[in-house]
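Some notes on the structure that comes next.
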Amino acid sequence: MTHDHDLVLRPTAAQTEAALNPPPGRNGGDLVVESLAGLGATTVFGLPGQHALGMFDALRRSDLRYIGLRVENNAGFAADAYGRVTGEAAPLLLSTGPGALTSLAALQEARAASAPVLAISSQVPTAGLGGGRHGYLHELPDQAASFRGVVKSVHTVRTQSQIPSAIAEAWTSALTVPHGPVWVEIPQDVLLAETRIPVVTGGDTFPEELPPRPELTAVAADLLSRAERPAIVAGGGVVRADAAKKLRQLAERLQAPVVTTFGGKGAFPWTHPLSLQSWLEDRHTTDFLEDADVLLVVGSGLGELSSNYHTFRPRGRVIQIEADLGKLESNHPALGIHADARLALQALLETVGERTDPSAPERVRAVLDKVRDRIAAQELTLEQDVLAAVRAALPPGAPSFWDMTILAYWAWSAFDAKAPNTMHSAQGAGGLGYGFPAALGAAVADPTNPVLAVSGDGGALYSVAELATARQYDLNVTWLIVDDGGYGILREYMTDAFGAPTATELTRPDYVALAESFGVPGVRTSPQTLAADLAKALAAPGPSVVVLPAVLRMFAPTHLG
């Protein structure tokens, strides 16, 4: 008997001839780019460096498109966004030591947000490995150790024959749920040495699916079918799994109100009668979720931001569907289902009973009315008007990328993302400088849509070098910089806690003149003209900068008392 897995594809005569007589002039770097192309990669991000030149020289002989940024961390953010938008593993080519280490903050964000990034770094020559201090440029005693606590998996290469398999293994890891960044390390001499290894022509990988255990979904379906006050928390896992339609079907069948986390923006329609929107930093929402007798949490670990800073105390039964095993029941006891959100929601749809609850939309409206009244009492008209202007200017299907800044914190709770996988921020790891370089990566992934980046002036100063990248590749990114003269949210935190801020005020450039010095058009706007100026910039091809001088305030928290 012959089984399917016993079948081996036989090479054609042409493939055999090519394998026996590979073209001359190839090196280890060619094996890298051939492996990437064989796996389906079309675009790579990164920066060249001395030890990595073998890879970059090989790019010249390949069909891969190279997008070079000016700082490794920004290249990592661009790859992160490319991975989020396309669902593909985004290759990130880096050099040894300082170059590699500079990408760590971006890789931490990719890990927190489950963005598939395939980082490939050079290493010192093999003679310098083993932990000794040989004095090579960029030498670290154990470079890979710096990444093991950050990325999903580490793959070290020491010979050319290991390159195709290591990259294929890393690619599979990056695209196996939960998605995430992975790290491949290849010594300089391995990259530079001429190779007689045949051209890499195949590389299909099949990331394993993560279905739910049927006995667990059976219990979950029974609990939800019999619930009197079910509710749903939808996290980033719903977006990453492309499961928004299944979430809506389940919510409507159960008549269960849905709140989306900040990473799950767009997973549920904002104006749906069952939508609690994203007001997780509000005690009225927290109270509502605590009152649910069955709470279904899909694709969220109920971490700090999703639990109103750990003040959430559920009184009912919690069902948690989570692809990241480390997050399962990490904050609250639950019926934990280790599964991809899409597959688990499909299993529930096949087994859950239909509920009728005409009071559910009314209870949702009551919560949202309380939230609106609380915000209205704080005289925050400017902030709400600015956010409304951004929403009015941004086309419904256009993606937006938000830095860690006050307007982004407003957007987490109050911005209608309009569609899944269109609003992204650095709230996974919380580092500055994400918005603009990430928007560049999204514009590379889909040049047909304008892309919006939003930064404060503090975060903008992390990313100004990438104006050169935006101009070089003529990327359709509009960068909104809210200039308040410092680290605005830290100014608020310190004033509230200590009575005065320290180290929060910044000397900053004229951002319009700075943009124009890069050949990027810039405009200074006001809250009254923001919608029109932003819409005009987004409609124009190529990069642009819109600067809004404004001091915005955050709404009062509800978790401190």
For a quick check of understanding: with a 1.4 angstrom probe and all protein chains in place, what accessible area in square angstrom does H310 have, to the nearest ten? 90 Å²
The Rg/Rh figure for the stretch 332-427, Cα atoms and Kirkwood Rh, to two decimals is 1.06
Skipping prolines and chain starts, which residues have an amide H placed within reach, meaning under 5 Å, of the one on S153, given they are 5 or more residues away or on another chain? W183
Normalised alpha carbon radius of gyration of the stretch 247-387 [divisor 2.2 N^0.38 Å]: 1.07
Across the chain, how many lysine pairs, 8 or more positions apart or on different chains, have C-alpha atoms separated by under 20 Å? Please give the number. 7
I'd like the FRET efficiency for R374 and T529, computed as 1/(1 + (r/R0)^6) with the beta carbon distance as r and R0 of 30 Å, rounded to 0.05. 0.55
Taking θ = phi - 60°, what integer Hz values does the Karplus form 6.51 cos²θ - 1.76 cosθ + 1.60 yield along the stretch 507-521, in sequence order, with x for Gly and Pro? 7, 10, x, 7, 5, 5, 5, 5, 4, 5, 5, 8, x, 10, x
Stretchable slack from Q50 to T12, in nm (0.36 nm times residue separation minus alpha-carbon distance): 9.8 nm
Please report how far the C-alpha centroid of the stretch 449-474 lies from that of the stretch 189-251, rounded to the nearest whole angstrom. 32 Å
Those residues of the stretch 19-33 whose amide nitrogen sits under 19 Å from the label point placed on H134, 7 Å along Cα→Cβ: 28-29
Calculated from backbone phi, Karplus (6.51, -1.76, 1.60) coupling profile of the stretch 119-130 in Hz, x at Gly/Pro: 7, 10, 10, 6, 9, 4, x, 4, 5, x, 8, x
What FRET efficiency would be calculated for the residue pair L490, E362, taking the C-beta separation as r and a Förster radius of 51 Å, to the nearest 0.05? 0.80
G485 long-range amide H proximity, modeled H, under 5 Å: D457
Could you calculate the contour length gain from V551 to L382, that is, 0.36 nm times the residue separation minus the distance between their Cα atoms, to one decimal place in nm? 59.9 nm
Based on a Kirkwood Rh over C-alpha pairs, give the Stokes-Einstein translational diffusion coefficient of the stretch 400-550 at 20 °C and viscosity 1.002 mPa s in µm²/s. 138 µm²/s
Note down the relative contact order for the chain as a percent, whole number, built from C-alpha pairs under 8 angstrom at least six residues apart. 13 percent
If you take the beta carbon distance between H332 and D63 as r and set R0 to 60 Å, what does 1/(1 + (r/R0)^6) give as a FRET efficiency, to the nearest 0.05? 0.75
Please list, ordered by chain and number, the residues whose modelled amide H lies under 5 Å from the amide H of A453; skip anything fewer than 5 residues away on the same chain. F401, T478, W479, L480
Expressed as an acute angle from 0 to 90° and rounded to the nearest 10, what is the orientation of the C-alpha long axis of helix 360-376 relative to the principal long axis of the chain? 90 degrees
Taking every alpha carbon pair in the chain, what does the distance histogram look like in 20 angstrom bins from 0, in percent? 21, 49, 27, 3
Whole-percent carbon and sulfur contribution to the accessible surface of the stretch 11-92 (1.4 Å, no ligands, DNA or RNA) stands at 57 percent
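The values are calculated or read from the model by the stated rules, or taken from the named source; none is laboratory data. Values in this document were obtained by computation on a predicted structure and should not be read as measured data. We place every Cβ from the backbone using ideal geometry, glycine too, and count neighbours over all the protein chains shown. Each accessible area value is taken on the protein alone, full model and side chains, heavy atoms only, with ligands, DNA and RNA left out. Shrake-Rupley method; radii C 1.70, N 1.55, O 1.52, S 1.80 Å.
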